[in-house]
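Taking it in order: structure first as structure tokens, then the write-up.
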Amino acid sequence: MSKNSKVLNLKDKINGNEVDLSLCNLTEVPVKELAAFPKATVVDLSCNNISSLPPEFCNLSHLVKVDLSKNQLTCLPDDLGSLVNLQHLDLYNNKLHVLPVSFSQLRSLKWLDLKDNPLEPGLAKAAGDCLDEKQCKQCATKVLQHMRAIQEEADRAREKRLLREKELERKKEAKQKEREAREKEARKREKAEEKEKRRKEYNAQMAALAAQEQQQQQKKKSEEKKKKNGQPADKKAAVKVAPKPQRSVVGLMLRLLLLLLLGLVAVAAACRLTDLQREAVCAPVNAAVDDGLVWAKEQEVVVRQLVHDLSSAVKDFLESAQTSKN
């Protein structure tokens, strides 16, 4: 009640089962205070500045008669149909255009006044003039019928919407299943192709191994056939089978003599040309070299005489051969 300073104590406004809050300059309904007095079933809120009813107002299901005439109401709460015990409702001289669909659930409503409201045409026609008690009762009946028709239409529209949503959901699920089936089929096809590829690779490997084995068998048979015919199996085999030539004994001896001679020459050169010639070990070598040189000079004369004699003999032979030819 803080915002409604004129209503200091609700108890002062209660008389039996009636609560008179008219002409209190209220801008909102004191719902909590009214809920504290469930025996107060008749509430007069007329001639105030109330522009809307809070949703909690619909919890006051004990109300039987409510007067909201001469206020600034532009709409009513969506759950107004929860006031199941409401029999009398005065909405005269407000700013209402429509009523909530749940209004059709006010099955106990027997009296209704909607005069001087800018109602939409269909609702205004159902409400009528409401100039006396009888017309206000007819207003309640016809407005309830009108709102029930709207409720039924809304239910049908909601049902159609639900059916449409279900159909869309069903189509969506069908598309999802179809897509999953396609993906499954694609995976199955890929697996089959992969399996076929592996099978072909395996067959190719087996064929290559078989061809290689057959080639080896043919080669083996060919070698066996050549062996039977006394021919070498192949060039490599011939090279392996061919005996290695024996080394010449004479050639080996000549090599040894050459090495020995080179060694002697090296020793003689060392003893003749280096400082070793003063050593005692080189004395016999130098003596042998000197003897060899003397012998070579002696033999030079013999060789020259032998060459001269041989040349004369060859010259005589050629001259006699020329004479006999002529």
In degrees from 0 to 90, rounded to the nearest 10, what is the angle of the helix 133-228 Cα long axis to the longest principal axis of the chain? 10 degrees
Summing Lys, Arg as +1 and Asp, Glu as -1, what charge do residues with Cβ under 14 Å from the Cβ of Glu159 carry, Glu159 excluded? +1
Counting DSSP beta bridges with both partners in the chain, what percentage is antiparallel, nearest 5? 15 percent
In range of the label at Ala313: residues from the stretch 287-304 whose backbone nitrogen is under 11 Å from the point 7 Å along Cα→Cβ: none
How large is the convex hull of the C-alpha atoms of the stretch 252-321 per residue, in Å³? 117 Å³
If R0 is 45 Å, what FRET efficiency do you get for Leu257 and Asn229 from their C-beta distance, rounded to 0.05? 0.40
Across Lys115/Lys142; Lys65/Lys137; Lys65/Lys115; Lys110/Lys134; Lys39/Lys70; Lys13/Lys70, pairs whose alpha-carbon gap is larger than 21 Å: Lys39/Lys70
Can you give the Rg/Rh ratio of the stretch 10-154, where Rg is from the C-alpha atoms and Rh is the Kirkwood radius? 0.94
Show that you can apply the helix-only estimate: for the chain, add -39,500 (n - 2.57) for every DSSP H stretch of four or more residues, divide by all residues, and state [θ] at 222 nm to the nearest 500. -20500 deg cm²/dmol
How big is the convex hull of the Cα atoms of the chain, per residue, in Å³? 687 Å³
For the pair Lys32 and Lys200, the simple spin-label estimate (label points 7 Å beyond Cα toward Cβ) gives in nm 8.3 nm
What nm distance separates the two modelled labels at Leu131 and Ala296, each placed 7 Å from Cα along Cα→Cβ? 17.5 nm
What number comes out for accessible area per residue over the chain if the probe is 1.4 Å? Units Å², please. 75 Å²
Please give the contour-minus-distance gain from Leu306 to Thr74: 0.36 nm per residue of separation, less the Cα-Cα distance, rounded to one decimal in nm. 67.2 nm
Under 17 Å Cα-Cα from Lys171, which aspartates and glutamates qualify once same-chain neighbours fewer than 8 residues away are excluded? Glu180
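The values are calculated or read from the model by the stated rules, or taken from the named source; none is laboratory data. On a predicted model such as this, the values are computed, not experimentally measured, just so you know. Virtual Cβ from ideal backbone geometry, glycine too; neighbours counted across all protein chains shown. Quick note on the areas: whole protein, heavy atoms, side chains included, nothing else; ligands and nucleic acids left out. Shrake-Rupley method; radii C 1.70, N 1.55, O 1.52, S 1.80 Å.
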